[in-house]
Structures are given as structure tokens and as C-alpha cells.
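Have a look at the structure below before the remarks.
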Amino acid sequence: MTQKEDILIDVLCIGHAAYDLTFAVDRHLGPDEKTTATAMAACGGGPAANAAVAAARFGSRAAFVGYLGDDDYGRKHLDELVGARVETRWIVRGQAPTPVSAAIVKPDGSRALVNYRAKTPSLSADAVDLNGCRPGVVLFDGHEPELSLALIDGLREKGVFALLDAGSLHPGTEALADKVDYLAVSETFARQYTGESDPTCALDRLAAAAPVAVITLGGRGLVWKSGEHTGEVPAFSVSAVDTTGAGDVFHGVLAACIAAGKEWDWCLRCASAAAALCCQGLGARAAIPTRKQVVGLLGASG
């Protein structure tokens, strides 16, 4: 009997997939006020799913592990992932609905976001068999906690680097925070997890939980710590249209660069450039940049 060849994946993204409906408005709304959207975008979304597309557009072999319902939103999202050349064989399909997110994008590019998951359950610990999958980096967003916790030890024992995208503190991100090699978090998570409002103090606390800690600070760039080494990367200056998905793209490209064995400063600058470019279009998925666009922005910045 011929043994099946292992499936080589650079970046394996495990977590949440949704379908995003994004509406642009020309002014901030007051209480009980109605308005007409100036533009609309409909596309796949979710932190881990967006990260997989970002890694694929950057040139990596990327895969997504998560749930999509057998409904119109799920089918549309699956088609997008296939079109982006993301490996989809480990996606679980079912009768529960695909989560849906609605975003109201404000004139300054910031947004308000509502996610509807209905009664769609999280995946069980044994929902996915990754036997034969050989990833370089596994990225978690914490939204599939049972499955993620069941897989992380085995993956790390195989020498796979683990990265956590922690946007906010919830049971999934809290459980994974001290189990990964790279803890890349938002300023919100850093404050919630450590109780520190000063990013520098929070960074020290996060670095005690993981070998490498990164706090993204939006328009103020990011700070990082690895052992005794610390640093910061300023944000790239762009005209923001919609910040939805910028963090997802940052983590996807960061994982892609780590998997490629790039120098740490290059990894952070590439990820920051990709996140900035993502802010220039309406809707996260359509605005995810290619490797050529990222490298172009890096070159333009000197």
C-alpha cells in the first residue's frame, strides 16, 4: 500500500469564519437617526479566515480550519476561499447557520461591528483530523477553543510555531495565551488580560506568558518584546477608508513571514504594511493586499 504524501502548509489558520455585510455612512449617526449608506460591500470575513486569505495573497500555502454552514452565506464564503487558493479540506460544514457580521463604517474609517452567531455551536475537540497536515505556523484566533486546545500541544510537539491573534479577552484567547510562541494582541486585549493601561507595562506582563509578545496600537504602530529585546514599529501613513480586517491581515502576513523564516523586523514591517493597505478599501476581504503591493509600500517608505 502506498503511503499518502503529507500536505505541506505554510500557515494553518484555525478559528472563526463569518460573512460580512459592510455599510459606509457619510456621518456619525445620532440616537434613533436613519441614513442611507453611501456604499456597501458583502464578502467573507472572520479573523482566522481573513488571515488565511492574507497569507495566501502574500504567496504562502495557507489553509483554514473552521466552520461554515451549508447555507448561502457559507457557500459564498467557501467559493471565496477556494478562489483565493486557500486550502479548504479541513472546513466543517453543517446545518447550523454561518455567522454573519454587519459593520457600519464611519467617515474616519473606524467602524461599529455586530456579529450574529445564532445558535451555531463551537467545533468539538475531535471535529477535525489534521493527520498528514504539515504546517510551518499555526495561527489561532481563539474562537474555536475546544478544537484549538485539543490540537495545539500535538502541533507544537512537531515543531510547529503557534501564533495567537487575540483581539479581546474571552475564554478562547485566555486559554491559549500562555500556550503559544507568538502572542500578538490588540491594545484592548493587553489591557483586559494584564490590567495595565500602559502598553509598556502590559508588554512586560504578556512577555511572561509567551516567548514573543506584540501589542498592536492602531495608528500608533506596535510594540514588541522577545526575551531581553524590545522594539517598536510605527504605523504606515495611509488614507483609511475602513479598518475592518486590518488586524486579521496583520496576523496572517506575520504568520506567513515567520513561516518563511524571515528576520523579525522584516516580519513586523511586512505585517504592518499589509494592515495599512487593507484599510484603503471598503470591506476586509477585497482590500487584502498582494505581496507585490506590500513590498511596494515598504519600498516607498524607504
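The values are calculated or read from the model by the stated rules, or taken from the named source; none is laboratory data. Nothing here was measured: the structure is a model prediction, and the numbers come from that model. In this analysis, Cβ positions are derived from the backbone assuming ideal geometry, glycine residues included, and neighbour counts consider all displayed protein chains.
Every residue, every condition in (1) touching a helix residue (DSSP H, G or I) at 6+ places or on another chain (Cβ under 8 Å); (2) at pLDDT below 95; (3) among the charged types (D, E, K, R); (4) in a strand (DSSP E or B), yes or no:
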position: R191; (1), (2), (3), (4): yes, no, yes, no
position: V249; (1), (2), (3), (4): yes, no, no, no
position: G252; (1), (2), (3), (4): yes, no, no, no
position: I258; (1), (2), (3), (4): yes, no, no, no
position: G261; (1), (2), (3), (4): no, no, no, no
position: L268; (1), (2), (3), (4): yes, no, no, no
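Here are some residues: A118, A51. Which one is surrounded by fewer than 21 Cβ atoms within 10 Å (Cβ to Cβ) and of a type outside the set (V, I, T)? If you could, list the steps in order and put the result at the bottom.
On the way: A51 fails: surrounded by fewer than 21 Cβ atoms within 10 Å (Cβ to Cβ).
Sole residue among the options that is surrounded by fewer than 21 Cβ atoms within 10 Å (Cβ to Cβ) and of a type outside the set (V, I, T): A118.
I'd like to check something: does region 22-40 contain any residue that is in contact (Cβ under 8 Å) with a residue 24 or more places away in the chain and within 20 Å of V92 (Cα to Cα)?
no
Given (1) in a loop (DSSP other than H, G, I, E, B); (2) under 15 Å from S226 (Cβ atoms); (3) under 16 Å from the mean Cα position of the chain (by Cα), identify the lone condition not met by A184.
The single condition A184 does not satisfy is (1).
Could you grab me the full set of residues in region 94-146 that are of a type in the set (S, T, Y) and either over 25 Å from C279 (Cα atoms) or in a loop (DSSP other than H, G, I, E, B) (or both)?
Keep residues of region 94-146 that are of a type in the set (S, T, Y), which gives 98, 101, 110, 116, 120, 122, 124.
If the condition is that a residue be of a type in the set (S, T, Y) and either over 25 Å from C279 (Cα atoms) or in a loop (DSSP other than H, G, I, E, B) (or both), then T98, S110, T120, S122, S124 are the ones that fit.
Anything in region 274-302 that is charged (D, E, K, R) and touching a residue at least 60 places away in the same chain (Cβ under 8 Å)? List them, or say none.
R285, R291
So for region 96-118 (the condition being of a type in the set (A, V, I, L, M, F, W, C), more than 20 Å from L282 (Cβ to Cβ), modelled with pLDDT of 95 or more and within 17 Å of the chain's Cα centre (by Cα)), does at least one residue qualify?
Keep residues of region 96-118 that are of a type in the set (A, V, I, L, M, F, W, C), which gives 96, 100, 102-105, 112-114, 118.
Applying the additional criterion that residues be more than 20 Å from L282 (Cβ to Cβ) yields 96, 118.
Imposing the further condition that a residue be modelled with pLDDT of 95 or more reduces the set to 96.
Subset that is within 17 Å of the chain's Cα centre (by Cα): none.
Among the residues of region 96-118, not one is of a type in the set (A, V, I, L, M, F, W, C), more than 20 Å from L282 (Cβ to Cβ), modelled with pLDDT of 95 or more and within 17 Å of the chain's Cα centre (by Cα), which makes the answer no.
Out of everything in region 191-236 that is among the β-branched types (V, I, T) and more than 20 Å from the chain's Cα centre (by Cα), what residue ends up being surrounded by the most Cβ atoms within 10 Å (Cβ to Cβ)?
Among those that are among the β-branched types (V, I, T) and more than 20 Å from the chain's Cα centre (by Cα), it is T194.
Look through region 175-190, keep the residues that are within 23 Å of F161 (Cα to Cα) and out of contact with any strand residue (DSSP E or B) (no Cβ under 8 Å at 6 or more places or on another chain), and return whichever of them is surrounded by the fewest Cβ atoms within 10 Å (Cβ to Cβ).
D178
As an exercise: evaluate L8 against (1) assigned to a strand (DSSP E or B); (2) under 17 Å from G281 (Cα atoms) and give the number of the one condition it does not meet.
Going through (1) assigned to a strand (DSSP E or B); (2) under 17 Å from G281 (Cα atoms) one by one, L8 breaks only (2).
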